[in-house]
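**Q** Next up is a structure, given as structure tokens.
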Amino acid sequence: MEACATRSQRPSLSCNISADSTHTISATRRSFIPSINGNMTKVSSLTLVDPRVKFLKDKVKLELSRYPKYTKDVDKDLSKLVHDLIIAIVPIEFEKVAVEITPNATLKFKLLIDEEKLLIISKPLKDNELNADQVIFSIFFNRELVVSDCKNVHELVKGFNNFLALPSIS
């Protein structure tokens, strides 16, 4: 006969997971372990950061270290601008990415979505007519430009992800 603990004898486990706007996932695990004097609670926490955020930040850092002269005249807080832009675009599922800093201080993310789709997101780093949350984007399908425009980065990501969720037309 198998030994089986009753519900009151087994430790219970609950898990609360939340994500914030920085794509940091916080998980708290609570194990309730019965003790002689009643209930004893053991709490452990774990914080995870989306690995794509670090991956993209490392790619940008490498590119900026290669071409520091391209950003020497940038007055903005570059690390905040890069962080905010990466946090905004990380929800896009991509296969490959290339990061480029241009001589006119524009940061470009070239996101290969699949064999047919390419999204290029460009953010001028110097002061210009764009708002802080606006980017220039180009979408290519089968190497042909489909659309290029300026848009709020959050709206772009939401719209692009909705586009990717549509059934493909063959």
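Every number here is computed from the coordinates shown, using simple stated rules; none is lab data. None of the values given here were measured: they were computed from a predicted structure. Don't worry about glycine lacking a Cβ; one is built from the backbone with ideal geometry, like all the others, and counts go over all protein chains shown.
**Q** Considering amide H positions built from the backbone, and no H for Pro or chain starts, which residues 5 or more places from residue 50, or on another chain, come under 5 Å of its amide H?
**A** Residues meeting the criterion, in which the H sits 1.01 Å from N, are 25.
**Q** Taking 0.36 nm per residue of sequence separation and subtracting the Cα-Cα distance, how much length would be gained by fully extending the chain between residue 163 and residue 55, in nm to one decimal?
**A** Length difference between fully extended and current span is 36.4 nm.
**Q** Something else about it: Apply the Karplus parameterisation 6.51 cos²θ - 1.76 cosθ + 1.60, with θ equal to phi minus 60°, to every residue of region 123-131 and state each ³J(HN,Hα) to the nearest whole Hz, in sequence, with x for glycine and proline.
**A** Result, rounded to whole Hz: 10, x, 8, 7, 4, 7, 6, 6, 6.
**Q** Can you give the local net charge around residue 138? Use residues other than it whose beta-carbon is closer than 14 angstrom to its beta-carbon, Lys and Arg +1, Asp and Glu -1.
**A** Net charge around residue 138: +3.
**Q** Which whole-Hz couplings ³J(HN,Hα) result when phi for each residue of region 90-102 is put into the Karplus expression 6.51 cos²θ - 1.76 cosθ + 1.60, θ = phi - 60°, listed in order with x for Gly and Pro?
**A** Along region 90-102, the couplings run 5, x, 6, 7, 10, 8, 9, 9, 10, 10, 9, 10, 8 Hz.
**Q** Considering the convex hull of the alpha carbon atoms of region 85-170, report its projected area averaged over all viewing directions, in nm², one decimal.
**A** 5.8
**Q** Can you tell me which of 72-83, 106-117 comes out highest on packing, and rank the rest after it, using the mean Cβ neighbours within 10 Å?
**A** 106-117, 72-83
**Q** For the residue pair residue 149 and residue 81, what label-to-label distance in nm results when each label sits 7 Å from Cα along the Cα-to-beta-carbon direction?
**A** For the pair residue 149/residue 81, the computed spacing is 2.4 nm.
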